[in-house]
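The values are calculated or read from the model by the stated rules, or taken from the named source; none is laboratory data. Being a predicted model, the structure only gives us computed values, none of them experimental. Using ideal geometry, Cβ is built from the backbone for each residue, glycine included, and neighbour counts are taken over all protein chains shown. With ligands, DNA and RNA removed, areas are computed over all heavy atoms of the protein, side chains included. Shrake-Rupley method; radii C 1.70, N 1.55, O 1.52, S 1.80 Å.
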Amino acid sequence: MGMDNVATENTINTAPSAPAKVVIRDLFKIFGSDPKMGLQQVRNGVNKTDLLDQHGQVLGLRDINVEMGEGQITVIMGLSGSGKSTLIRHLNRLIEPTAGEILVDGVDVMSYSATQLRELRQSQMSMVFQKFALLPHRTVLQNAGMAMRIRGDQEDAINAEAAKWLDRVGLQGVGNQYPHQLSGGMQQRVGIARALTSNAPIMLMDEAFSALDPLIRTDMQNLLLELQKDLHKTIVFITHDLDEALKIADHLVILKDGHIVQQGEPQDILLNPSDPYIEDFVGDINRARVLRARSVMEPLVGEPPADAQGQVDHDDTLESIIARSGGDISHGYVVTKDNVPVGTLNMTALLKALVPRISSDSGARNY
Amino acid sequence: MAAYDWFFDTVGLREWCNASKSEGTMSMADLLAKAKGGASETSWWEVPFPSLDTLNKSCDSVMRTRDFTASIEQAFLGVKDNLKVVLDPITQPLSWMLDGALALFVGTPWWLLIALILMLTYYASRNVLVTIFVAFSFFLLAFIDHYTYAVQTLSIIFVCTILSVLFGVPLGIAMSKSNTFQRFTIPILDMLQTLPSFVYLIPLIFLFSVTESKLYGIAIIMYAIVPVVRLTDLGIRLVDKDVIEAADAFGMTSRQKLFGVEIPLALPNIMAGVNQTIMMALAMVVIASLVSAPGLGTLVLRGIRNLELGVGLVSGFAIVLLAVVLDRVSKASLARINAAQSH
């Protein structure tokens, strides 16, 4: 378990370009009979296994510091038991932290009274659940309008708003059905419509697509990205699926055994994994599909070279560039952003980026 | 000499024993022993269990079992009057309700009451077959002149079930919300359920006059309230934790959660409890005929008392028919609720 001692500080922390909407500071969570004692032990450097064996306390989260940019999708990724679901429940205090601060718009949520907390949940943060958690005795329309009904809005306004968002997520004409009459994918669309109807600027998504078939999951990811283009919500998304994380994340946080192993822009994590655990993790990824031209290009100095075979957009995936080159490694391209040249990319550099850094310890997967 | 003399002698309690020596009433065994002219030494094989009565023979200060039961009775009678001052006004509405319902049920013309019952049955169950069965049962009961008795029994069940639900559901909700309260309540519910039904009646007979209908009303409610309390508690505890979490995450108040989520989702269980409550009320109303509860039970009692076999058997059959009717109707409405919620 030597990995536990790897400092979390050496992460490439690309601070989100957007101002932080939600900030988690020095968050600890210990489950057990005596969390205060456990907290002391953890601060003294006792690791998760020893804490459980010697003190009977379970380490949930250790020293979590995350800034979630406004209008961005922050993905928290980790395997089961890594504490990701615990972490997301701290944001709206469904779980109380043992120590630490949770700032929303600069105000510490921990200082909120029960009423303020309810208000936060009603109009600041909405949530989408892995198992949908719709009310089985209410129609789809009533479920979608749940948040507004809790706030005590007018029934007409609720139904109009709920119907609008149901249409938006692609559920026309099912308003009068009950959740059990819908498929899993459709139920989760209702879950998303319910979160959107609350009109909260922050949306928490707890493994929202994990219970769905792969094809439906891809659909839902696309739906989310498409909605996000217009809505610019601050989304906190939990997943155990790295492909999903890389697809939708603006900011990726990788969690292991309750602490952050690395966080930053997904491309950066892929190109510069900070420890063998991450290297092992990203080794299985189809890098060509995830990496973008902007991550591997050379910044432009002076005039764009005249011998380039063409132009590619800075957000193009390497996969599409390979397809374009027809496999000719002698090609080179000018990378443009908004049709302005910003860099150059030659196929050799591109191919190099596709080779994952092999973990020094081939047993990393066993951690 | 009695068997345990040595004990009181060795511990030095002889003085205390003799202090209250009096010529009280003698038991038959004492008299026999006296007649024989002194007890012979008892062998170790025949040493009696040191019960109150045995010890009393060695030491007069130890009370006999019959004194013990008498003192319990005295203690009960001692608090009875004070208890009555409190309990009488509280329970008086029960008498009014039972008497009122009885008068209403019996006073309504048979064709109107049966029509109302059939409409209620259909409304609750939405099941034509069940409704036809209920109609058939009531016409049969009326045909063999058991209609009035059956209706009396029904009126008592009606009042007692409503009150059981009225008190039982909130009690069950409170139990589901507090583990401490649940820990205290479960032994009481266990006791109410296991206590032989006759035993309920004994303290009640002393507390209230047998001519008052609340006497049997209380006995029936105490017996019948248990299932609805238990199943309400269970039903609310079984509500899907994910749905509760969603309700919390969207900022529901506990009241919104209770009425908007927990009770509706626990309804199938609560209704199963109501079904059981109805059946137990019927069982108790028959026994309560011992303390002047009117209805089919009085006929059963007459059959036993006067050895009128036919009366006993026919009224027994009428009770079974009524039980089946109540069970089918409440189960059919339960099935309807389940169907509406299936997921």
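Couple of notes before you dig in:
- Cut-off 13 Å between beta-carbons: net charge of the residues surrounding A:ILE24, Lys and Arg +1, Asp and Glu -1: +2
- Note on B:ILE186 and B:ARG126: their simple-model spin labels are 3.7 nm apart, each label 7 Å out from Cα toward Cβ.
- The protein assembly as shown: radius of gyration over Cα atoms, expressed as a fraction of 2.2 N^0.38 Å: 1.45
- Residue with peak Gaussian network fluctuation, chain A [Cα springs, cutoff 10 Å], from A:GLY71, A:GLY326, A:GLY83: A:GLY326
- Top of A:TYR178, A:TYR277, A:TYR112 by mean-square fluctuation, Gaussian network on chain A, Cα under 10 Å: A:TYR112
- Computed from the C-alpha gyration tensor, the three semi-axes of the ellipsoid equivalent to chain A are 36, 30, 18 Å, from longest to shortest.
- For the range A:88-247, fraction of C-alpha pairs farther apart than 29 Å, in %: 17
- Shown in residue order for the range B:162-173 are the 3J(HN,Hα) couplings computed by the Karplus curve 6.51 cos²θ - 1.76 cosθ + 1.60 at θ = phi - 60°: 4, 5, 4, 5, 4, 8, x, 5, x, 4, x, 5 Hz (x for Gly and Pro).
- Å² of accessible area per residue within the protein assembly as shown, as computed with a 1.4 Å probe and no ligands counted: 49
- Averaging the sequence gap over all C-alpha pairs within less than 8 Å and six or more residues apart, then dividing by the number of residues, gives chain B a relative contact order of 19 percent.
- Interface size, chains B and A: roughly 1800 Å² of accessible area buried, both sides included, 1.4 Å probe, rounded to the nearest 100.
- Equivalent-ellipsoid semi-axes of the range A:102-170, from the Cα gyration tensor, Å, largest first: 26, 14, 12
- Calculated FRET efficiency, B:VAL199 to B:THR253, Cβ-Cβ distance, R0 = 56 Å: about 0.80 to the nearest 0.05.
- Across B:GLU212, B:GLU308, B:GLU15, mean-square fluctuation computed from a Gaussian network of chain B (C-alpha pairs under 10 Å connected) peaks at B:GLU15.
- Relative contact order for chain A: 18 percent, from Cα pairs under 8 Å spaced at least 6 residues apart, divided by residue count.
- Share of pairwise Cα separations in chain B, more than 29 Å, in percent: 57
- Share of carbon and sulfur in the accessible heavy-atom surface of the protein assembly as shown [1.4 Å probe, %]: 60
- With the convex hull of its Cα atoms as the shape, the range A:15-87 has an orientation-averaged projected area of 5.5 nm².
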